[in-house]
Amino acid sequence: MQRTVRAIYATLFTLIALAAGWASYTWLDKTNTEVPYGAPFELTDMNGQPITQAAFEGHPSAVFFGFTNCPQVCPTTLFEMKDWFDKLGDEGKDIRAFFISIDPERDTPELLKNYISNVTDRVTGITGDKDKVAAMAKAWGVYFKKVDTSGGDYTMDHTALVFLLDSNARFHGTIAYDENPDTALAKMKRLAKL
């Protein structure tokens, strides 16, 4: 009797696992092939020009949400991006990278341009209206929160991922903060072919 019950549970577990796997595969397949990732947006680039979701189309993209007063994650990610592009050379010439500020109250286009251009010329900064930035972050599933610090200042908690999009602006994975450098570079090499 116990063997029969165990066999039934094992069969049910296997069926549930297969169903979950199929559902995940189907969801990921739709994420990659149907529509551009996120939602339409209208913001401002670091040159003071309007920028929309069309900026992510026609080439692979690496997209990161951060802010210029970030003590560690954002500058580290910018330097990692520079390193990836340096190592990719001509192989990564078509990839464009974007740094979207989740602190538009402080991050003006000029400030973003100075901050980013001190590290690399391969990344475009994006900022704009606070509500529009919040809507974009929400559409991308990006968490961010203003956190008060001493002296009336504040910092920002935020998701620390680089989103990878193919040339049709469809989601193709992420690179985590402080991910193994070889793994991150391999992901960028795959992205260059999309």
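The values are calculated or read from the model by the stated rules, or taken from the named source; none is laboratory data. Predicted model, so just to flag it, every value in this text is computed and none were measured. Quick reminder, even Gly has a Cβ in these numbers, built from the backbone with ideal geometry, and neighbours come from all protein chains shown. Side chains are part of the model used for accessible areas, which takes the heavy atoms of the whole protein and leaves out ligands, DNA and RNA. Shrake-Rupley method; radii C 1.70, N 1.55, O 1.52, S 1.80 Å.
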Open item on the list: I'm trying to understand the selection: among the residues of segment 144-159, which are in contact with a Ser or Thr (Cβ under 9 Å, 6 or more places away or on another chain) and either open to solvent by less than 30 Å² (accessible area, probe 1.4 Å) or without any contact (Cβ under 8 Å) to a residue 60 or more places away in the chain (or both)?
Closed with: LYS146, VAL147, ASP148, THR149
Open item on the list: When you check VAL123 against the structure, is it farther than 15 Å from ALA160 by Cα and touching a helix residue (DSSP H, G or I) at 6+ places or on another chain (Cβ under 8 Å), yes or no?
Closed with: yes
Task: Matching residues, segment 87-110, being acidic (Asp, Glu), within 20 Å of the chain's Cα centre (by Cα) and loosely packed, with under 14 Cβ neighbours inside 10 Å - done: none
TODO: Would you mind finding the one in THR33, THR77, THR44, THR68 that is within 23 Å of LYS193 (Cα to Cα), β-branched (Val, Ile, Thr) and modelled with pLDDT of 50 or more?
DONE: THR77
Task: Condition met for ARG190 (without any contact (Cβ under 8 Å) to a residue 40 or more places away in the chain and assigned to a loop (DSSP other than H, G, I, E, B)) - done: no
Open item on the list: Condition first: more than 20 Å from MET46 (Cβ to Cβ), at pLDDT 95 or above and open to solvent by 80 Å² or more (accessible area, probe 1.4 Å). Can you find one or more residues in segment 111-130 that meet it?
Closed with: no
Open item on the list: Checking LYS138 against (1) open to solvent by 60 Å² or more (accessible area, probe 1.4 Å); (2) under 24 Å from MET46 (Cβ atoms); (3) in contact (Cβ under 8 Å) with a residue 12 or more places away in the chain; (4) within 15 Å of the chain's Cα centre (by Cα): exactly one of these is not met. Which one?
Closed with: (3)
- [ ] Specify the residue that is surrounded by the fewest Cβ atoms within 10 Å (Cβ to Cβ); the eligible residues are those in segment 52-79 that are of a type in the set (Gly, Ala, Ser) and under 15 Å from the mean Cα position of the chain (by Cα).
- [x] ALA55
